[in-house]
1. In square nanometres, what is one fourth of the surface area of the convex hull spanned by the alpha carbons of the stretch A:40-100?
2. Which listed residue (A:Leu234, A:Tyr29, A:Pro58) has the Cα farthest towards the positive end of the charge dipole for chain A, taking +1 on Lys and Arg C-beta and -1 on Asp and Glu C-beta about the Cα centre?
3. Given the convex hull over the Cα atoms of the stretch A:136-258, what projected area results after averaging over all orientations, in nm²?
4. Once you average over the residues of B:383-395, how many Cβ atoms of partner chains fall within 10 Å of each Cβ?
5. Compute the distance from the alpha-carbon center of the stretch B:227-266 to that of the stretch B:501-554, in whole Å.
6. Please give the solvent-accessible surface of B:Arg11 in Å², to the nearest 10, using a probe radius of 1.4 Å with every protein chain present.
7. Summarise the accessible area of chain A (1.4 Å probe, protein heavy atoms) by the percent that is carbon and sulfur.
8. So what does the Cα-only Debye profile of chain B read at q = 0.12, 0.13 Å⁻¹, as log10 I(q)/I(0), no solvent term?
Amino acid sequence: MSAYVSQLYPGTSRSSINRRKYMDPKTKYEKLRSISDEDLVRVLGHRKPGEAYKTVHPPLEEMKEPEDPIRRIVEPTSGTKAGDRIRFVQFTDSVYFSPMAPYVRTWAIYRRYRGLDPGVLSGRNPIEGRERDVEKVAKELIETEVFDPARTALRGYTVHGHALRLDENGMMFDAIRRYKFNKAKGVVEYVKDQLGVPLDKPVEVGKPLPEEELKKRTVQFRVDHIKFISDKPLLGWVHRIFELRSRSGFNPEGVKGI
Amino acid sequence: MAEPRFIKALRKKFKESPEERYTTFYTLGGWAQDPRKREFKEISDKIAKQRGIPMYNPTYGCSGVGLGQRTYMPYLISGTETYGMPEDVHFVNNAAMHQLWDDIRRTVIVGLDAANTIITKRLGKEVTPETINHYLEILNHALPGGAVVQEHMAEIHPALVEDSYVKIFTGDDELADRIDKRFLIDINKLFPKDQAEKLKKAIGKRTYQALRMPTIVGHLCDGGTMARWAAMQISMSMISAYKLMAGEAAVGEFAFAAKHAELIEMGTLTPWRRARGPNEPGGLSFGYLADMIQYNRVHPEDPCKYALEALACGAVIYDQYWFGSYMSGGVGFTQYATCVYTDDILDDYVYWGLDYVKKKYGGIAKIKPSMDIIKDVATAITDYSLSSYEQYPANMETHFGGSQRAAVAAAASGIGGSLATGNAQLGMGCWYLSQLLHKEWMGRLGFYGYDAQDGAGPCNLWSYRSDEGLPIELRGPNYPNYAMNVGHLSAYTGIVAAAHAARGDPWCVNPIIKVAFADPSLKFDWTYPRECFAKGVLREYMPAGRRDVVVPPR
């Protein structure tokens, strides 16, 4: 029996191709900007730069854990080994061509990383995990093509804005104004951390991508971009999933040839 | 192509064109944009001064930043010309919404035939239309809180309970003709002829009492009180009307009939983990609620509006009352619910679906249910609905949460399926497919992705076996898979209503419920619920349950 090869995502449109690409752990995200480790820590707001990680248990090496075959199979993440507390990063994605969308980021996290617990809502995408593991993943998700400074945002709470119209600079609304567009520099700066606590100095997260560039990179379908129903293989796949669930819910033997 | 129905509301809500994608924020006046919040703040400041404890302060809104950093938009009550602020459709602030639920909670229906049989067969007394009229006169004294049989009883001030009464209805025209018209819900007068004939045939010679307990009792006690209140007053009135010995064995039979054998409650008991008695929203099925709405009795030609009126009531009862307060506590889920009955957005999608179905299938309820119909109807209506949000950014901003858009697009799809086939189960299939399409289209859906509610929904849709499923008409918040479906159950009510109205059915699941709520003496207007809500928004709706006669004047 050959090993299972994941198909990742159906569809032939650019948006479907982007979904597959972002989910595929063999594909490296294109780096578009840099954020220092110190600035990342500041904008996440969980600890001060240079401060030691808070722990909720001793390092695993020092603990005598009961024998468990799963422990032999699964290697703990760095944060788990060290006993880090559970912390989070949370993203909000504008409906106006943000590179990512909550479901797709979550599927990508399942494929690419370990030890994280993502959740999907329409206006936010929480990702929980051990603190240093969260920091590592957050850095990649902010520095690369799956983030846009104007259309993607870090928000611990008061998240709404993903479906609102854009401001005069093309920025997504944030009720507590954690970030602003620095016109002189042409970059977006965080002036508050993801929970809205003011920062002692701004953290730059780079220039917003031009809209044409966003359209190339986004996973989103839109009526003014790529129409969802124009991607016939994807539409057919959704119909198939629905039909199989409908026909086989309490009657799995009733469906043949899947 | 005609302008969408929601454009008028969008123009009122925002200063920019509905197609405009850019706007301004942060300089709009904060919470003071909203006249209701200004009113609340002014009154709250006075209360705080009087009681010495601080109260409402909107500057605490968003994590220390005041509310109102974006445009505060008014909301149009769909199908009306009335605009209000979000606060006006919070169920606590809207007196019509109080009465909507009060009229359901305070109603029980009790068959009269068992009691009459006991009187004639067991006690050898005569029951005639005249004795029934006499009994009803006594019960209309006793039900609101008047004493019979025993002297020196404490009675209830009639002004507190002016909404409490009993009426009867029957499929027996001969009996109905001889009942005092003050006590009769007259099927022949209230329903179109074809509907009346079907209803009378279904009800047959049986006679039912529609008992309305006082609204104030519902407020002070609970839904489970109602059958007991009714049974006690029925038994006492029987004793008085038929000159029975108080306490003779037959009286126990009346009580048993009224509390159990002949009782129809509006809502069933909920399980312990939800911990509510009968006649509470958690036990109210979609079919019963759809039957309570009377729009199709008066306007059988417009099944869409019937579905929309039913759906609006579902939103208030299931989302705002049940999930928003009974189950979750707090201020409720107003924004979750109101998206389906404000700004004519769902109305637009539903009527677009009607046109689509008529053009594609030659009319409504013309095509047999099939998987292909679900795929076709749900895909077309979901495409129209979600495209409307993207073509009109003001529309997207109005429904700024994914749960709102999911509810509206899927409700329109479900109603479209019901209209096409006259089959509510198929309509539900369209709802579920719409959710799956929406999820893949936008890469997001509702609260925690609606994986449990809608990802799993199709799997139990077609099962009728116990523990696996139910006909959708009989499902409700008590259905296990719907225990957490905020923003869903309103649409399920509309989907049921649309299917049966498309078929020309006079009722959805229970003809007795349909007739009981055709009663023009009810406080709430069950034909035009959204107009009632609009009156509530304008503070022009007068509910029952007043206390002013027993309290000092303000």
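The values are calculated or read from the model by the stated rules, or taken from the named source; none is laboratory data. This structure is a prediction, so every number in the text was calculated from the model and none was measured. All Cβ positions, glycine included, derive from the backbone under ideal geometry; neighbour counts span all protein chains shown. Calculation scope for accessible area: heavy atoms of the full protein, side chains included, ligands and nucleic acids excluded. Shrake-Rupley method; radii C 1.70, N 1.55, O 1.52, S 1.80 Å.
1. Numbers: hull surface 26.4 nm².
The orientation-averaged projected area of the Cα hull of the stretch A:40-100 comes to 6.6 nm².
2. Among A:Leu234, A:Tyr29, A:Pro58, the one farthest towards the positive end of the dipole of chain A is A:Leu234.
3. Working: hull surface 46.7 nm².
That works out to 11.7 nm².
4. Numbers: counts 5, 0, 0, 5, 6, 1, 4, 9, 3, 0, 6, 1, 1.
Average per residue, whole number: 3.
5. 28 Å
6. B:Arg11 has an accessible surface of roughly 130 Å² with all protein chains in place.
7. Percent of accessible area from carbon and sulfur atoms in chain A: 53.
8. -1.16, -1.30
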